[in-house]
Amino acid sequence: MSEEIEFDDLPEQIAIRMAKREKLNELSSAYPVALPITHTIEATRAHYPNLEADVSTGDKVALAGRVMFLRNTGKLCFATLQSGTGERIQAMVSLDKVGEELLESWKELVDLGDHVFVEGEVITSKRGELSILADRWLMAAKTIRPLPNLHNELGEEFRVRHRYIDLIVRDRAREVVKIRSEVMQSLRNTFANRAFMEVETPMLQVMHGGASARPFKTHSNAFDTELFLRIAPELFLKRAVVGGLERVFEINRNFRNEGADRTHSPEFAMLEAYEAYGDYNTMASLTQELIQNAAKDVFGTHVVTLDDGSENDLGGEWPKVSMFESLSKAAGVEITHETPISELKKIADKVGIEIDHPLHGKYVEELWEHFVKPGFTGPTFVTDFPVDTSPLTRDHRSIPGVVEKWDLYIRGFEQATGYSELVDPVIQRQRFVAQMELAAAGDPEAMKLDEEFLKALEFGMPPSGGMGMGIDRLLMTLTGLGIRETILFPLVK
RNA sequence: GGGCCUCUAGCUCAGUUGGUUAGAGCAACGGACUUUUAAUCCGUGGGUCGUGGGUUCGAGCCCCACGGGGCCUACCA
């Protein structure tokens, strides 16, 4: 059967292009399966770095690219072809080289956005533009929809919803994807140099855990059971350490059924790493090295230039400040793990923070965020957190009432977190029980008691350090972009 | 979740206190042009003004509801 297309219902430009597609299929093909390409645009450009204007090389190439600009005159046509990396080269189609038929079909059938193939001599035009003077041309892939106007900025919504177009028309969009890929490579190299193994743990889980967050729920038909998308890989990576995988890391997606804004996405890429016989100090130096190596590997310097032109200095040894000490200093009163909640509440009231929570540590963290966090600029480790808000972390070895945990802050948001992991199964069970009480009191983010995880700990987990880092946020730190610009295809409704 | 703003041609945007036939640039179509660089010149077409309802003699503009999006605010990384 022939194709029946209702041109009348289509926007004018699409209907016209559909007709051109049919014409191309009659002549040969609008979508040929293969083309005799001999060179890439990049290779061709690289091979002739600085030719004079108006020269003929005598060299023939055959290449293809997407038409970004068309400049047709009566008997000589120019097109700017672009490769996937954004590299461009000019194609020239002239009457005396291709003949009347091919020239006319070029003018009739080639639109902006089409992929075209040209074969011909490498020359430079009278204005010095490196060009392929075509002996022949072929359609490589016809576009049905017109490309957006290249001379105006696309709106943020359009860019996110049509990232493939964003990648075609905007250099920065391609750059960010490249930077992200190189950052991932750098992270993996740093781990490899430290003898870490990369593993993958379940994203569908019968019981979610490893963080305080609300999960996405789903259902398995095969098992006829409720499943959760993971909020963190932690409890499985610790099982791996119990099993003797003493240096492991995982880079994969976490899902949290919570807010979305400039620094939060419902699905986000997470890096977690565990090191047997490490602790929160070794994890801090690992984290600093991961980030500094990434900056150095990708940009060649620890001082990265952000999207707004400002600089972000990630070099040097990053300072550590104690949460309780820095809070006490900033608040002007001594605050410890023994300061009664009623006292903390008074301070909170005085500065206008509303908190109503059963946990002492929640007050401390909220007050800290109010008094201390805004003053942060350069990378800083905030150390030694309250016990009751960190149920998977070991008590501090010498300071009572706090755990061996740090959060790394860069440019005012939490970039990474690290721990001396709790490995005592009895204390871990007590912590879970305390979480269950919170859940019973209505806290939707409280952790569940994970019997299978406790069983693993009961087989003996070596003393270990652990760290977690948001990959999207690392990209934000390195580029200054919002989270939706660092994710290739962010969730859109 | 709460508050404020926004949606007009393929894209980016104008559109007056409610008043004839809703405009521009790019893109498209027809014509001219053998060295263009967002080519240029002449001409032409293209709109359910987010959707549905309401007020009015008359709605792109005012009112209500719904949908998409943004910003601020609260919570989590």
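Mind listing whichever residues of region A:122-165 are more than 6 Å from RNA strand B (Cβ to nearest atom) and in contact with a Gly (Cβ under 7 Å, 6 or more places away or on another chain)?
A:Ile132, A:Leu133, A:Ala134, A:Asp135, A:Thr143, A:Leu147
State all residues of region A:187-229 that are among the aromatic types (Phe, Trp, Tyr), assigned to a loop (DSSP other than H, G, I, E, B) and open to solvent by less than 20 Å² (accessible area, probe 1.4 Å); if no residue qualifies, say none. Before the answer, list the steps.
Quick first cut of region A:187-229, residues among the aromatic types (Phe, Trp, Tyr) only: A:191, A:196, A:216, A:223, A:228.
Checking which are assigned to a loop (DSSP other than H, G, I, E, B) leaves us with A:196, A:216, A:223.
Hit for region A:187-229 is A:Phe196, nothing else.
So A:Ala446 clears everything in (1) open to solvent by 10 Å² or more (accessible area, probe 1.4 Å); (2) of a type in the set (A, V, I, L, M, F, W, C); (3) under 20 Å from A:Val206 (Cβ atoms); (4) assigned to a loop (DSSP other than H, G, I, E, B) except one condition, right? Which one?
(1)
Please find, within region A:441-466, the residue that is farthest from the chain's Cα centre (by Cα) out of those that are over 23 Å from A:Arg397 (Cβ atoms) and of a type in the set (Asp, Glu).
Among them, the one singled out is A:Glu451.
Inside region A:197-212, can you point out the residues that are of a type outside the set (Ser, Thr, Tyr) and at pLDDT below 85?
Taking region A:197-212 first, the residues of a type outside the set (Ser, Thr, Tyr) are A:197-200, A:202-211.
Listed by number, the list is empty, since nothing qualifies.
Would a scan of region A:402-422 turn up a residue that is open to solvent by 60 Å² or more (accessible area, probe 1.4 Å), without any contact (Cβ under 8 Å) to a residue 60 or more places away in the chain and of a type outside the set (D, E, K, R)? Walk me through how you get there before you give the answer.
Taking region A:402-422 first, the residues open to solvent by 60 Å² or more (accessible area, probe 1.4 Å) are A:411, A:414.
Adding the requirement that they be without any contact (Cβ under 8 Å) to a residue 60 or more places away in the chain leaves A:414.
From what is left, the residues that are of a type outside the set (D, E, K, R) are none.
Scanning region A:402-422 turns up no residue that is open to solvent by 60 Å² or more (accessible area, probe 1.4 Å), without any contact (Cβ under 8 Å) to a residue 60 or more places away in the chain and of a type outside the set (D, E, K, R).
Looking for whichever is among the charged types (D, E, K, R), closer than 29 Å to A:Ser464 by Cα and surrounded by fewer than 16 Cβ atoms within 10 Å (Cβ to Cβ) here; the options are A:Glu365, A:Glu338, A:Glu354, A:Glu343. Which one fits? Before the answer, list the steps.
Values: A:Glu365 fails: surrounded by fewer than 16 Cβ atoms within 10 Å (Cβ to Cβ); A:Glu354 fails: closer than 29 Å to A:Ser464 by Cα; A:Glu343 fails: closer than 29 Å to A:Ser464 by Cα.
Answer to the selection: A:Glu338.
In the set A:Phe324, A:Phe385, which member is open to solvent by less than 70 Å² (accessible area, probe 1.4 Å), within 14 Å of RNA strand B (Cβ to nearest atom) and not in a loop (DSSP other than H, G, I, E, B)?
Details: A:Phe324 fails: within 14 Å of RNA strand B (Cβ to nearest atom).
After applying the criteria, what remains is A:Phe385.
Under 8 Å by Cβ, and 6 or more places apart or on different chains, what pairs join a residue from region A:224-235 that is more than 12 Å from A:Gly468 (Cα to Cα) and among the small types (Gly, Ala, Ser) with one that is open to solvent by 10 Å² or more (accessible area, probe 1.4 Å) and away from RNA strand B (no atom under 12 Å from the Cβ)?
Between residues of region A:224-235 that are more than 12 Å from A:Gly468 (Cα to Cα) and among the small types (Gly, Ala, Ser) and residues that are open to solvent by 10 Å² or more (accessible area, probe 1.4 Å) and away from RNA strand B (no atom under 12 Å from the Cβ), there is no close pair.
Kindly establish whether A:Val110 is closer than 26 Å to A:Ala62 by Cβ, buried (at least 17 other Cβ atoms within 10 Å of the Cβ) and more than 9 Å from RNA strand B (Cβ to nearest atom).
Values: closer than 26 Å to A:Ala62 by Cβ: yes; buried (at least 17 other Cβ atoms within 10 Å of the Cβ): yes; more than 9 Å from RNA strand B (Cβ to nearest atom): no.
No, not satisfied.
Does A:Thr287 satisfy being of a type in the set (Val, Ile, Thr) and more than 23 Å from the chain's Cα centre (by Cα)? Reasoning before the result, please.
Values: of a type in the set (Val, Ile, Thr): yes; more than 23 Å from the chain's Cα centre (by Cα): no.
Taking the combined requirement at face value, the residue does not satisfy it.
Which of the residues belonging to region A:44-62 are of a type in the set (A, V, I, L, M) and touching a residue at least 12 places away in the same chain (Cβ under 8 Å)?
Once the filter is applied, which keeps residues that are of a type in the set (A, V, I, L, M) and touching a residue at least 12 places away in the same chain (Cβ under 8 Å), region A:44-62 yields A:Leu51, A:Ala53, A:Val55, A:Val61, A:Ala62.
Does A:Lys97 satisfy being touching an Asp or Glu at 6+ places or on another chain (Cβ under 8 Å) and basic (Lys, Arg)?
Answer is yes for this residue.
Among the residues of region A:393-424, count how many are of a type in the set (A, V, I, L, M), closer than 15 Å to A:Ser322 by Cα and not in a loop (DSSP other than H, G, I, E, B). Break it down stepwise before answering.
Restricting attention to region A:393-424, the residues satisfying the condition of being of a type in the set (A, V, I, L, M) are A:399, A:402-403, A:408, A:410, A:416, A:422-423.
Filter again for closer than 15 Å to A:Ser322 by Cα, leaving A:399, A:402-403, A:408.
Filter once more, so that each one left must be not in a loop (DSSP other than H, G, I, E, B): A:402-403, A:408.
The number of residues fulfilling the criteria is 3.
I'd like the full set of residues that are part of a strand (DSSP E or B), more than 14 Å from RNA strand B (Cβ to nearest atom) and open to solvent by 40 Å² or more (accessible area, probe 1.4 Å), limited to region A:243-269.
At the first step, the residues of region A:243-269 found to be part of a strand (DSSP E or B) are A:247-255, A:261, A:264, A:267-269.
Of the ones still in play, those that are also more than 14 Å from RNA strand B (Cβ to nearest atom) are A:247-251.
Within region A:243-269, just A:Arg247 meets the criteria.
Go over the candidates A:Gly65, A:Gly74 one by one and state the one that is at pLDDT below 95 and either over 16 Å from A:Leu130 (Cβ atoms) or more than 11 Å from RNA strand B (Cβ to nearest atom) (or both).
Details: A:Gly65 fails: at pLDDT below 95.
Among A:Gly65, A:Gly74, only A:Gly74 is at pLDDT below 95 and either over 16 Å from A:Leu130 (Cβ atoms) or more than 11 Å from RNA strand B (Cβ to nearest atom) (or both).
Out of the residues in region A:464-486 that are assigned to a loop (DSSP other than H, G, I, E, B) and more than 10 Å from RNA strand B (Cβ to nearest atom), which is farthest from A:His264 (Cα to Cα)? Don't jump to the end; show me each part of the working.
Going residue by residue through region A:464-486, those that are assigned to a loop (DSSP other than H, G, I, E, B) are A:480-482.
Subsequent filtering for residues that are more than 10 Å from RNA strand B (Cβ to nearest atom) retains A:480-481.
Working: A:Gly480: 15, A:Leu481: 13 Å.
Of everything passing the filter in region A:464-486, A:Gly480 is farthest from A:His264 (Cα to Cα).
Using the structure shown, decide if A:Glu437 is among the acidic types (Asp, Glu), open to solvent by 70 Å² or more (accessible area, probe 1.4 Å), within 24 Å of A:Ile355 (Cβ to Cβ) and out of contact with any strand residue (DSSP E or B) (no Cβ under 9 Å at 6 or more places or on another chain).
Values: among the acidic types (Asp, Glu): yes; open to solvent by 70 Å² or more (accessible area, probe 1.4 Å): yes; within 24 Å of A:Ile355 (Cβ to Cβ): yes; out of contact with any strand residue (DSSP E or B) (no Cβ under 9 Å at 6 or more places or on another chain): yes.
Yes.
Collect the residues in region A:368-382 that are outside any loop (DSSP other than H, G, I, E, B) and open to solvent by less than 50 Å² (accessible area, probe 1.4 Å), keeping them in residue-number order.
From region A:368-382, those outside any loop (DSSP other than H, G, I, E, B) are A:368-371, A:373-375, A:380-382; that's our starting set.
Matches in region A:368-382: A:Trp368, A:Thr380, A:Phe381, A:Val382.
List the pairs whose first member sits in region A:15-40 and is exposed (fewer than 13 other Cβ atoms within 10 Å of the Cβ), whose second member is part of a loop (DSSP other than H, G, I, E, B), and whose Cβ atoms are under 9 Å apart, counting only residues at least 6 apart or on separate chains?
From region A:15-40, the pairs are A:Tyr31/A:Lys142.
What's the number of the only condition in (1) out of contact with any Lys or Arg (no Cβ under 9 Å at 6 or more places or on another chain); (2) crowded, with 17+ Cβ neighbours inside 10 Å; (3) closer than 24 Å to A:Asp166 by Cβ that A:Val61 fails to meet?
(3)
The values are calculated or read from the model by the stated rules, or taken from the named source; none is laboratory data. Predicted, not measured: the structure shown is a model, and the values here were computed from it. Note that each Cβ is placed from the backbone with ideal geometry, even for glycine, and that neighbours are counted across all protein chains shown. The area values use the complete protein model at the heavy-atom level, side chains included, leaving out ligands, DNA and RNA. Shrake-Rupley method; radii C 1.70, N 1.55, O 1.52, S 1.80 Å.
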